[in-house]
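Following: one structure in structure tokens, then a few remarks.
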Amino acid sequence: MLSALGRVFLCSLGLLAAMATKPCSRDIITRVESLNATVQMYSDCRLYTPTIQDYKKCPKAALTCFASEVKVLTQELEILGRAEKSRRKNINSELKRLAQMFNQEESECRLCEVLQEENAPRFLENLFLSLEMMNRQHCRTVRRRRLGA
């Protein structure tokens, strides 16, 4: 028979496991805000940009596209000496991880390369809105914020 402490421990593990399987990341919002502050003066880069409707219909495909395009954006910023490699790896890796948490059929999803190209600030705004929506749907409590505010 389990002690009370043992039951609390097992219950905590169950909650952590349940939380770990949901696509939820509050930390990535902060990293996107930081990247947005860096790109405000650099908006020449054009990136394939999923819309909030793309995210609603195909979250896995949208997040995968965002991950690929964040990699392009941060590589451009690195060339200009405006971003460190670790930031790119962290955001890119986290977006890929989040995308894999969605189990969806992708036959109805648009390919990244057919999406509208937008400047870097608009791209990051759409990324921010998509992540905020994901967190509202899958995290317990989410504080609403605005990008750049």
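The values are calculated or read from the model by the stated rules, or taken from the named source; none is laboratory data. Remember, it's a predicted structure, so these values are computed and weren't measured experimentally. No Cβ is skipped: glycine too gets one built from the backbone with ideal geometry, and neighbour counts run over all protein chains shown. Just so you know, the surface numbers come from the protein's heavy atoms only, side chains and all, with ligands and any DNA or RNA stripped out. Shrake-Rupley method; radii C 1.70, N 1.55, O 1.52, S 1.80 Å.
Looking at Asn92, Asn135 in this structure, which one is modelled with pLDDT under 95, touching a helix residue (DSSP H, G or I) at 6+ places or on another chain (Cβ under 8 Å), assigned to a helix (DSSP H, G or I) and over 18 Å from Leu47 (Cβ atoms)?
On the way: Asn92 fails: over 18 Å from Leu47 (Cβ atoms).
Checking each option against the conditions leaves just Asn135.
Could you go through segment 51-65 and let me know if any residue there is at pLDDT 60 or above, hydrophobic (A, V, I, L, M, F, W, C) and over 13 Å from the mean Cα position of the chain (by Cα). Even if it seems obvious, please write down each step before you answer.
Kept after step one, since they are at pLDDT 60 or above, are these residues of segment 51-65: 51-65.
Filter again for hydrophobic (A, V, I, L, M, F, W, C), leaving 52, 58, 61-63, 65.
Still in the running and over 13 Å from the mean Cα position of the chain (by Cα): 58.
Yes, segment 51-65 contains a residue that is at pLDDT 60 or above, hydrophobic (A, V, I, L, M, F, W, C) and over 13 Å from the mean Cα position of the chain (by Cα).
Among the residues that make up segment 18-33, is at least one of them at pLDDT 85 or above, exposed (fewer than 13 other Cβ atoms within 10 Å of the Cβ) and hydroxyl-bearing (Ser, Thr, Tyr)?
First, the residues of segment 18-33 that are at pLDDT 85 or above: 28-33.
Imposing the further condition that a residue be exposed (fewer than 13 other Cβ atoms within 10 Å of the Cβ) reduces the set to 30.
Next, from what is left, pick out any that are hydroxyl-bearing (Ser, Thr, Tyr): 30.
Yes, because at least one residue in segment 18-33 is at pLDDT 85 or above, exposed (fewer than 13 other Cβ atoms within 10 Å of the Cβ) and hydroxyl-bearing (Ser, Thr, Tyr).
Read through the list (1) modelled with pLDDT under 90; (2) open to solvent by 70 Å² or more (accessible area, probe 1.4 Å), then give the number of the only condition that Leu77 fails.
Exception for Leu77: condition (2).
Are any residues in segment 35-60 part of a helix (DSSP H, G or I) and hydrophobic (A, V, I, L, M, F, W, C), and if so, which ones?
The first filter runs over segment 35-60 and keeps only residues part of a helix (DSSP H, G or I), leaving 35-39, 52-57, 59-60.
Across segment 35-60, the qualifying residues are Leu35, Ala37, Val39, Ile52.
Kindly provide the set of residues from segment 95-116 that are of a type in the set (S, T, N, Q) and assigned to a loop (DSSP other than H, G, I, E, B), ordered by number.
Residues satisfying the conditions are Asn103, Gln104, Ser107, Gln116.
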